[in-house]
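The structure under discussion appears below in the form of C-alpha cells.
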Amino acid sequence: MAIQEPQDLAHLHAIENTEWRDSLDYILREQGPGRVRQILRLLQTRAQEHGVSIPFTANTPYINSIPVDKQPVFPGNREIERRIKSIIRWNAMAMVVRANKELEGIGGHISTFASAATLWEMGFNHFWRGRTDEFLGDMVLFQGHASPGVYARAYLEGRLDEKDLSNFRRELAPEGGLSSYPHPFLMPDFWEFPTVSMGLAALTAIYQARFNHYLVDRGLRASSGRKVWAMLGDGEMDEPESLGAITLASRENLDNLIFVVNCNLQRLDGPVRGNGKIVQELEAAFRGAGWNVIKVLWGSDWDRLLEDDQSGQLVNRMEEILDGEMQNYVVSKGGYVRDHFFGKYPELLEMVKGYTDDQIFRFRRGGHDPLKVYAAYKSAVEHTGSPTVILAQTIKGYGLGEAGEGKNITHSQKKLNEDELKEFRTRFNIPISDDEVASAPFYKPADDSPEIKYLKERRAQLGGSLPHRIDVSIPQACQTEELVREYYEGSGDRELATTMAYVHLLGKLLRDPELGKLIVPIVPDEARTFGMESLFRQAGIYSHAGQLYDPVDKGSLLFYNEKKTGAILEEGLSEAGSLASFIAAGTAYANNGVNTIPFYTFYSMFGFQRVGDLIWQACDSQARGFLIGATAGRTTLAGEGLQHQDGHSHVLALTPTRVKAYDPAFAFELALIIHDGLNRMYCHQENWIYYLTVMNETYLMPAMPKRPGVSEGVLKGMYKFRPTRLKSAKAKAAPKAHLMGSGAIVNEAMKAQDILENDYGVAADVWSVTSYKELYRDAVDCERWNLLNPTKKAKTPYISDLMAKEDGVYIAASDYMKVLPAVVSQWFPGPLHCLGTDGFGRSDGRAELRDFFEVDARYIAVAALSRLAAEGSLKATVVAKAIKDLGIDPGKLNPHVD
Ligand SMILES: Cc1ncc(C[n+]2csc(CCOP(=O)(O)OP(=O)(O)O)c2C)c(N)n1
Ligand SMILES: [Mg+2]
C-alpha cells in the first residue's frame, strides 16, 4: 500500500506500535525484565550506530513506580490503623495549639506532621524495628519539626503522659517538658538523632549507613540487616548537604539506607518548585546518582482513571501540571480541579463525568494512601544492591482545612480557633464533645480498646518502641598512660612538630591490644599533608570492596592500601562527610553498642568555620571523640595565606558546649591531653569532644617539667613552664613580667624571656596556656557559684589561685585572635595585654608572618616593657628604644585592618 496520506501513516504507526508492544510483552512474560532491559539496550545501541541521538532523560512518567498489579496485599487492619492515626493527628495538633495558648509565641508546627502522618504511621506499624537483646533495631531519623507526631504516638504507647504532652516546648517547667525538636542532649533516653538543622539528617544518615557496614567489615559487629531510614522534607532537599553525598551511598551499595522524602510541595515561605516539579527533579538527581527511586504520587482513587487512560493523556496531564498548580487544587473548592486539571482536555473531562466535584476534590495523593505507602516501603526494604529513595506526594497541613491546608502560611500555623478545632475533630472523628473541644484536650482510648491493643501489639511484634536511645556500652580500661609516657621525656636533640608527635601516638594507639581495634582515623584527603601516610600501611584504608586494582605505588612502603578491614575512613574532599562519619563513630557507644574512638584530623581552617553546624550536631548527639585541627595557627602555617591560615578556630571552639579545646605547645602536653580524653570519654564514659590543634613547625620537644602541678595545669589550661632564670636576689629587685604563650608561640615567649632578662633586666616567667576555654569555663563556674552562695566561703577560679602569689605585668600571646586570652583577663591579678592574630592571613614565611601579626618575641618583649612603663616601673623612653633596637616599624601595616 502506498503510504502518502497522513491517515495511512497513522494507521501504520498504530500497527507497528502494537507489534513492538506485543513483542515486548512476550519477552517480559517469557524471559523476564532482565531480557527486556537487554533488548532495549540493544535497540538503543543500534539507533546510536545509525546516528539517531536519543535525548537523555533521567525521569520516568509522573505516576506511581509500583503498578497496581504489583501492589502487595496489605497485612494490617486498615480501619484500626486509620483510627490510631487520626488520634495521633489530633494529639499532635493539640500539643502545639495548647502550648501556644499557655505561652503565646512558644511556637511549634502542625502542618508538617499532618502531611507526614501516613508515612510515619506505616513505618511504626509495619516496618521500623525496635531494639531487642538480639537486634539493635532500625535507625530512624525523624524530620525534626514534625516531632509532635512522635510524641503523640509515644503518648498512646504509654511512654509519655498527659503532663509531658502539656509541657511540649516547656523544658524548663518544674516537672520537665518535651524538647521542641529531636535533641538527644535534652532527652537522652528518647531521641537518637538530632535532625532539625535542615540537610544534616540526609548527610548523616548516609554516613551512618556506611559506618554500619564498616563495623561489620571490621568484625566489630555482626551483620544484622538493620536499616537506616531518613524521613526528610522536600524543601530540605535544597540544602547542599542533602544531595551532597548521594553518590557515596550508591557507590557503597548502601541497600541498608532508605530516604523518604515527604513531597508536600511546600517549604516554609511557599512552594518548593511552583514553576516545576520537585519530585521529577529529585528523581533525576537520585536516579542519576544510582539510587533506586520509588515514586508514590497518586492514591488508589486514581487507579481506575489511569487504567482507562488508553491514550496516555491523563499521564501527560499529570506530567505537565506544575507544583504551584497542584497546590491550588488543595485550597480550591468545588469544580476547580475538574475545570482546571481535567478540563484542559475534553477526553479527560469525559473520564470524570461520573464523579461529583466533591469526589474529585477528595482523590488522594499517594503519600496519604496506606496501600501505596505500604507497597513502596515493602519494595524498599526488599531492594538489594543500592539505596532507595521514596518520593511521596502529600498535602501540607492535611486535614487542617480552612486553618491552613495547602496554604502558604501553613508551615507556621499553630493556633486553631474553636470552629477549626471542631472541623478537625469531626473530620478525624475524635470522640470529643462540642463543649470540650475549645480547650483541645488530649485523647487517649482505654488500654483495652482495640486501638491501643493493636498499636501495642504491632510494636511488640516489631521489637518494642522507637525512638529509644539506649546506652549499654561497657567502659574501657584505658590503660593508656603507659602508651603516652614516652612523650613526657621530650625529643632529646630531635626536632619535632606536634603533628608528628600526634601521628606517632595515633600509630601506637592503633596497635594497642585493648583500644587498637576501636580507633577510627578519619581524614578528608589530607593524610599526606599531615604525614599520616605511614598509617595507610599499618591500619589500611577502609574499602568495602577491598582493593580491586594494583595501586601505582604498590612497590613502596607507604602504598595506598585499601582493604575491607581497613581502619582509616579516607573521606576524600568532604569535611562535612568526615564530620558525619565522626558522628557515626562517636555515637556508636550508644547507637551501635561499641566504643569506637574517632580521631578526625583535618586542616584546622576547614573545621569549625566550615562545618560548625555539624560539630553542634555532634555535641547534641552526645558524640565522643577527638577533633584534630592540623596545620593550625595563623602564623605557624607559612605560605598558604588568607584562605588557609586559621587564627580563630579556638574562638569558635568556645561556642559548642561539650567541646574541650586545647592548643598544646609540646608533645608531652599533647600526650597528657589525649590520655585525659581517652580516660574521661571511654573509661569514665563522659560525653566530651576533644578539640586539639597541632602544628607543622618543628622544634625540640622539651621534657615535662618536674615541678608539681604541671600535668594538672596542662589539663586545666595553664601552668608555669619556665620561671625566670635571673638569680633569686636579682629577680626580686627586678621588674617582673609574666608571658603567657600558647602552641608554637610559647617558643616566642621563651625568646622574649631571653630578651627581657638579658637586655632589659626584667625578670620574666613563661607560662604555657593550653586552653583558654578550660580556664574560662572554670572561672565563670566559680563566679556563678559565688553569686548564688553569698554566705559561703567564696571559691577562687583556677587562674586566680595560680596567680595569687604573682605580681608584675601580664602579656598573653597566641596564634589566635586577641579576644581569646581576653575572655579570661578579668581573673588575672593585673591588666592582661593580649597579642594575637586578628586579620586575614598572608602568604609568607613564619618569621615574616609573626612580624606582620605582631606576635613574635620582640612584640612580646615590647608589650611587657610597655606595661611596665605604664605602671611606672620603667621609663617610656626604654620602650621607645626597645622598639628601635628590636627593629620594629611603628608605621607598619595594621594586620587587623589592612
Ligand atoms: C539549616 C536550617 N535552615 C532553616 C531552618 C528553618 N526551617 C525549618 S523547617 C523549614 C522548611 C522546611 O520545609 P520542608 O523541608 O519542605 O519540610 P515540610 O515542613 O514542608 O515537610 C525551615 C526553613 C532549619 N530548621 N534549618
Ligand atoms: Mg515540604
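The values are calculated or read from the model by the stated rules, or taken from the named source; none is laboratory data. Nothing here was measured: the structure is a model prediction, and the numbers come from that model. Every residue, glycine among them, receives a Cβ derived from its backbone with ideal geometry; neighbour counts consider all protein chains shown.
The table that follows gives values for the structure above.
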read-out: Qualifying residue in segment 194-202 (condition: part of a loop (DSSP other than H, G, I, E, B), surrounded by 23 or more Cβ atoms within 10 Å (Cβ to Cβ), away from ligand 2 (no atom under 16 Å from the Cβ) and in contact (Cβ under 8 Å) with a residue 40 or more places away in the chain); value: yes
read-out: Entirely in segment 496-608, the helices (runs of 4 or more DSSP H) that have 1 or more residues that are surrounded by fewer than 18 Cβ atoms within 10 Å (Cβ to Cβ); value: 498-511, 534-539
read-out: Filtered residue count, segment 452-477, keeping only those that are aliphatic (A, V, I, L, M), assigned to a loop (DSSP other than H, G, I, E, B) and either crowded, with 16+ Cβ neighbours inside 10 Å or out of contact with any Gly (no Cβ under 7 Å at 6 or more places or on another chain) (or both); value: 5
read-out: Any pair with Cβ under 6 angstrom, 6 or more apart, that starts in segment 245-269 at a residue that is over 30 Å from N328 (Cα atoms) and ends at one that is within 13 Å of ligand 1 (Cβ to nearest atom); value: A245/L203
read-out: Residue within segment 390-402 that is assigned to a helix (DSSP H, G or I), at pLDDT below 95 and at negative phi present; value: yes
read-out: Odd one out for G367, checked against (1) in contact with a helix residue (DSSP H, G or I) (Cβ under 8 Å, 6 or more places away or on another chain); (2) without any contact (Cβ under 8 Å) to a residue 40 or more places away in the chain; (3) within 16 Å of ligand 2 (Cβ to nearest atom); (4) not aliphatic (A, V, I, L, M); value: (2)
read-out: Filtered residues of segment 151-186 (kept if away from ligand 1 (no atom under 14 Å from the Cβ), crowded, with 20+ Cβ neighbours inside 10 Å and under 18 Å from the mean Cα position of the chain (by Cα)); value: P184
read-out: Matching residues, segment 711-770, being over 27 Å from E495 (Cα atoms), touching a Pro at 6+ places or on another chain (Cβ under 8 Å) and part of a loop (DSSP other than H, G, I, E, B); value: G761, V762
read-out: Exclusive hit being within 24 Å of Q280 (Cβ to Cβ) and polar (S, T, N, Q), set S65, S23; value: S65
read-out: Residue match in segment 653-673 (condition: assigned to a loop (DSSP other than H, G, I, E, B), modelled with pLDDT under 95 and of a type in the set (V, I, T)); value: yes
read-out: Qualifying positions in segment 281-304 - of a type in the set (G, A, S) and in a helix (DSSP H, G or I); value: A284, A285, G288, S300
read-out: Every residue from segment 570-621 that is of a type in the set (A, V, I, L, M), touching a Pro at 6+ places or on another chain (Cβ under 7 Å) and over 24 Å from R511 (Cα atoms); value: L573, I615
read-out: F259 vs. criteria of a type in the set (F, W, Y) and within 16 Å of ligand 2 (Cβ to nearest atom); value: yes
read-out: Members of segment 218-261 that are assigned to a helix (DSSP H, G or I), more than 16 Å from ligand 1 (Cβ to nearest atom) and within 18 Å of the chain's Cα centre (by Cα); value: I246, T247, L248, A249
read-out: Helices (runs of 4 or more DSSP H) contained entirely in segment 1-104, each with at least 3 residues that are among the charged types (D, E, K, R), at pLDDT below 90 and over 44 Å from the mean Cα position of the chain (by Cα); value: none
read-out: Test for I66: is it more than 15 Å from Y377 (Cβ to Cβ), among the hydrophobic types (A, V, I, L, M, F, W, C) and either out of contact with any Asp or Glu (no Cβ under 9 Å at 6 or more places or on another chain) or crowded, with 20+ Cβ neighbours inside 10 Å (or both); value: no
read-out: Where a residue in segment 219-240 is over 19 Å from T384 (Cα atoms) and in contact (Cβ under 8 Å) with a residue 40 or more places away in the chain and its partner, wherever it lies, is aromatic (F, W, Y) and away from ligand 1 (no atom under 16 Å from the Cβ), with Cβ under 9 Å and at least six apart; value: L220/Y214
read-out: Hey, A209 crowded, with 18+ Cβ neighbours inside 10 Å, within 23 Å of the chain's Cα centre (by Cα) and within 16 Å of ligand 2 (Cβ to nearest atom) or not; value: no
read-out: Residue match in segment 846-859 (condition: within 17 Å of G743 (Cα to Cα), surrounded by fewer than 19 Cβ atoms within 10 Å (Cβ to Cβ), without any contact (Cβ under 8 Å) to a residue 24 or more places away in the chain and out of contact with any strand residue (DSSP E or B) (no Cβ under 9 Å at 6 or more places or on another chain)); value: yes
read-out: Residue, nearest to ligand 1 (Cβ to nearest atom), within segment 262-313, restricted to residues that are of a type in the set (D, E) and more than 19 Å from A117 (Cβ to Cβ); value: D269
read-out: Criterion: over 38 Å from the mean Cα position of the chain (by Cα), outside any helix (DSSP H, G or I) and touching a residue at least 12 places away in the same chain (Cβ under 8 Å) - qualifying residue of G841, G891, G887; value: G887
read-out: Options L672, L756: the member that is crowded, with 23+ Cβ neighbours inside 10 Å and touching a Ser or Thr at 6+ places or on another chain (Cβ under 7 Å); value: L672
read-out: Given (1) under 26 Å from E871 (Cβ atoms); (2) free of Cβ contacts under 8 Å to residues at least 40 places away in the same chain, number of the condition L739 does not satisfy; value: (2)
read-out: Among the residues listed as G235, G225, the single one being small (G, A, S) and within 16 Å of ligand 2 (Cβ to nearest atom); value: G235
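A quick yes/no check of all residues on (1) among the small types (G, A, S); (2) in contact with a helix residue (DSSP H, G or I) (Cβ under 9 Å, 6 or more places away or on another chain); (3) within 16 Å of ligand 1 (Cβ to nearest atom); (4) over 30 Å from T45 (Cα atoms):
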site	(1), (2), (3), (4)
D69	no, no, no, yes
I80	no, yes, no, yes
W90	no, yes, no, yes
M93	no, yes, yes, yes
N100	no, no, no, yes
F113	no, yes, yes, yes
T118	no, yes, yes, yes
